[in-house]
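Here is the structure we will look at.
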Amino acid sequence: MKNLTWDVVTLAALALLLAYSLLIRRHKSLATLVSVYIAYFIASSWGERISQLFSGQRLLFNQVWIKSNATPYAVQGVLLVIFIFLISTFLKLGGKRARYSTIEVIAYAICTVAVSLLFILLFLPDPVREHVLSISRIAPFIYQYRDWVLMLPVAVMLYFGIYGDEEL
């Protein structure tokens with residue numbers, strides 16, 4: 001397991017997302033990108049409360065609590081992944097186009113992986129984040145340009161919304 005690094009996981013996630021988007025569900029690439037943003041807001045707003053439930057600090061229905069060693073950062077990361085899958089599965093983005101060009105799908109996949117990695121990095125505690133940034137080649141670039149990484153998908157969506165064609 002020594003060879004399993006953040007860069008390998010990031011590139012594997014990109015490859016899986018590209019294969020899924022290009023081969024199976026081309027029209028879901030935009031929904032997946034949008035679901036990452038929505039899942040981040042859900043995970044960041046609910047993460048603290050749910051982690052309190054797992055640590056025993058908060059009761060559900062004044063009776064139920066779960067005792068575990070889950071950190072707030074782990075809970076937020078798991079919530080992010082769960083809600084990305086749930087929202088992207090059921091989100092239907094209606095519009096004039098049902099298909100996207102190959103270039104558009106690739107751009108959406110790259111943006112999805114970059115934004116997802118950035119959100120996971122933002123959830124990590126500072127010492128862990130610094131360690132990840134020191135051992136990775138991709139993560140420091142994404143974290144250093146985090147403002148651009150957050151805005152690039154919006155620009156890509158606007159560009160393809162205005163200039164997108166049925167097939168390029």
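The values are calculated or read from the model by the stated rules, or taken from the named source; none is laboratory data. Treat the numbers as computed from the prediction; the structure is a model and nothing was measured. Please note: Cβ atoms are built from the backbone with ideal geometry, for glycine as well, and neighbour counts cover all protein chains shown. Side chains included, ligands, DNA and RNA excluded: accessible areas come from the protein's heavy atoms. Shrake-Rupley method; radii C 1.70, N 1.55, O 1.52, S 1.80 Å.
Structure summary
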read-out	value
Residues satisfying the stated conditions in region 1-28, i.e. among the small types (G, A, S) and at pLDDT below 80	S21
Count of residues meeting criterion [open to solvent by less than 30 Å² (accessible area, probe 1.4 Å), under 15 Å from W6 (Cα atoms) and hydroxyl-bearing (S, T, Y)] in region 103-141	2
Options A43, A109, A139, A114: the member that is at pLDDT 85 or above, touching a Gly at 6+ places or on another chain (Cβ under 8 Å) and closer than 21 Å to L17 by Cβ	A43
Qualifying position, being open to solvent by 40 Å² or more (accessible area, probe 1.4 Å), within 22 Å of S21 (Cα to Cα) and at pLDDT 90 or above, among L93, L152	L152
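Residues are listed down the side, and each one gets a yes or a no for (1) part of a helix (DSSP H, G or I); (2) of a type in the set (S, T, Y); (3) more than 20 Å from V78 (Cα to Cα); (4) in contact (Cβ under 8 Å) with a residue 12 or more places away in the chain:
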position: I106; (1), (2), (3), (4): yes, no, yes, yes
position: V113; (1), (2), (3), (4): yes, no, no, yes
position: L118; (1), (2), (3), (4): yes, no, no, yes
position: P127; (1), (2), (3), (4): yes, no, no, no
position: A139; (1), (2), (3), (4): yes, no, no, yes
position: D147; (1), (2), (3), (4): yes, no, yes, no
position: Y159; (1), (2), (3), (4): yes, yes, yes, no
position: I162; (1), (2), (3), (4): yes, no, yes, no
